[in-house]
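Colleague: So that we are looking at the same thing, I have put the structure below in structure tokens.
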Ligand code: CP3
């Protein structure tokens, strides 16, 4: 498929389009009644991720409503620890819970031997979605970045402070390095399989990139990202890689220029005009409407949307949110936002 036929890939290749392509992080999920129905039939969230027909169906649901330029594989970043046999559960209203790995000795519990067998249904989902999409729509594969995945693996779930994962990194450098090394290896293989199955681009979600001091950001966010990019580029030079170093503040500049990623996704806090000057001159950018504006809508949403479009549509740009669609969002508001983006050429 030529980039010209897929606006999302064209933007990632550096083209400036009249109407920027768009998709939304967490575009599939609980805010959609049709998702809740399939989710209930699947029984558990993990079951849903590992049932190719159902996962394909929920991947396509938002596209039927809003016709985004890209679909994102329906899965979760924690399927990598699951493939390493770490115990994982998603508790209603509480988020993910894992049996934590807190020291070098705990790492022995992680087994990589059956990783691809365990995750084979995910590769099958990619194949199903890939063959179901129209030629103008792209398919995004994804993984969490090693740092963010390690955050959940060591902490055992979500956290405000991430004190346990930092304690591991600060007190046992060799041990923590070996966890990151394992995650780099598995993430490369995992994304390679997604690309082989039909993903047109991949995104690395680094949701907790912003909690580290600069020196550790370079060591555990930037360096592992660069290793993944180098390995994927060696085999798949034409597959674009988007990095999302959420809340990393000024470090996003170094991250954008030095990790080798093809495009950078901006979180909600990044000023779009600053990004146009400092980032978009180096790489295409993606972002960054505050997803909470989808709860309130009105002028606030319309003005912010146009501010982002005005600042960034003069360069290679993909419209997105600064973080995922929240559960409380009304599907009608997502329709309104999609229409606003589509009608931008009439207002610019
Ligand atoms: O539509 C899409 O974006 C594709 C699917 C997707 C999910 N999670 C589905 C999901 C993607 C790309 C993710 C990424 C992900 N998962 C991240 C990175 C992005 C971010 O949000 O910062 C992270 C940190 C996770 C880990 C995770 N998964 C958490 C913390 C939770 C619980 C929070 C919550 O919203 O419940 C999940 C569960 C999860 N992942 C759900 C969905 C639709 C909800 C579970 C359900 O339906 O029962």
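Colleague: So in segment 216-244, with the set limited to residues that are within 16 Å of the ligand (Cβ to nearest atom) and more than 19 Å from residue 181 (Cα to Cα), which one is farthest from the chain's Cα centre (by Cα)?
Modeller: This residue is 241.
Colleague: Just for segment 143-161: of the residues that are closer than 19 Å to residue 220 by Cβ and assigned to a strand (DSSP E or B), which one is farthest from the ligand (Cβ to nearest atom)?
Modeller: 143
Colleague: While we're on this one: If residue 295 satisfies all but one of (1) without any contact (Cβ under 8 Å) to a residue 24 or more places away in the chain; (2) under 27 Å from residue 19 (Cα atoms); (3) out of contact with any strand residue (DSSP E or B) (no Cβ under 9 Å at 6 or more places or on another chain), what's the number of the condition it fails?
Modeller: Residue 295 satisfies every listed condition except (1).
Colleague: Touching a helix residue (DSSP H, G or I) at 6+ places or on another chain (Cβ under 7 Å), modelled with pLDDT of 95 or more and buried (at least 22 other Cβ atoms within 10 Å of the Cβ), is that true of residue 231?
Modeller: Details: touching a helix residue (DSSP H, G or I) at 6+ places or on another chain (Cβ under 7 Å): yes; modelled with pLDDT of 95 or more: yes; buried (at least 22 other Cβ atoms within 10 Å of the Cβ): no.
So residue 231 fails the test.
Colleague: Here's another thing I want to ask about it. Mind telling me which of the residues 128, 212 ends up being more than 28 Å from residue 13 (Cα to Cα), surrounded by fewer than 23 Cβ atoms within 10 Å (Cβ to Cβ) and within 16 Å of the ligand (Cβ to nearest atom)? Show your work before the answer.
Modeller: Working: 128 fails: more than 28 Å from residue 13 (Cα to Cα).
The match here is 212.
Colleague: Please specify each residue of segment 90-105 satisfying the condition of being surrounded by 14 or more Cβ atoms within 10 Å (Cβ to Cβ) and either within 8 Å of the ligand (Cβ to nearest atom) or more than 20 Å from residue 183 (Cβ to Cβ) (or both).
Modeller: Passing the criteria: 90, 96.
Colleague: Out of the residues in segment 1-17 that are in contact with a helix residue (DSSP H, G or I) (Cβ under 7 Å, 6 or more places away or on another chain) and at pLDDT below 95, state the one that is nearest to residue 74 (Cα to Cα).
Modeller: Step one: of segment 1-17, the residues in contact with a helix residue (DSSP H, G or I) (Cβ under 7 Å, 6 or more places away or on another chain) are 3-4, 9-10, 13, 17.
In the following step, the residues that additionally are at pLDDT below 95 were identified as 3-4.
Details: 3: 23, 4: 26 Å.
Taking the candidates together, the pick is 3.
Colleague: Being assigned to a strand (DSSP E or B), closer than 26 Å to residue 95 by Cα and modelled with pLDDT of 95 or more, is that true of even one residue in segment 162-179?
Modeller: no
Colleague: Give segment 10-43 a look and list any residue that's within 16 Å of the ligand (Cβ to nearest atom), under 20 Å from residue 240 (Cβ atoms) and outside any loop (DSSP other than H, G, I, E, B), or say none.
Modeller: Hit for segment 10-43 is 22, nothing else.
Colleague: Starting from residues that are surrounded by 15 or more Cβ atoms within 10 Å (Cβ to Cβ) and out of contact with any helix residue (DSSP H, G or I) (no Cβ under 9 Å at 6 or more places or on another chain), keep the ones in segment 293-341 and report whichever is nearest to residue 25 (Cα to Cα).
Modeller: That would be 324.
Colleague: Filter segment 69-88 down to residues that are more than 11 Å from the ligand (Cβ to nearest atom) and touching a strand residue (DSSP E or B) at 6+ places or on another chain (Cβ under 8 Å), then give me how many there are. Full working, then the answer.
Modeller: Step one: list which residues in segment 69-88 are more than 11 Å from the ligand (Cβ to nearest atom), which gives 69, 82-87.
Retained after the next criterion (residues that are touching a strand residue (DSSP E or B) at 6+ places or on another chain (Cβ under 8 Å)): 69, 82, 86-87.
The qualifying residues number 4.
The values are calculated or read from the model by the stated rules, or taken from the named source; none is laboratory data. Just so it is clear, the model here is predicted, and its values are computed rather than measured. Cβ: placed from backbone, ideal geometry, glycine included. Neighbour counts: every protein chain shown.
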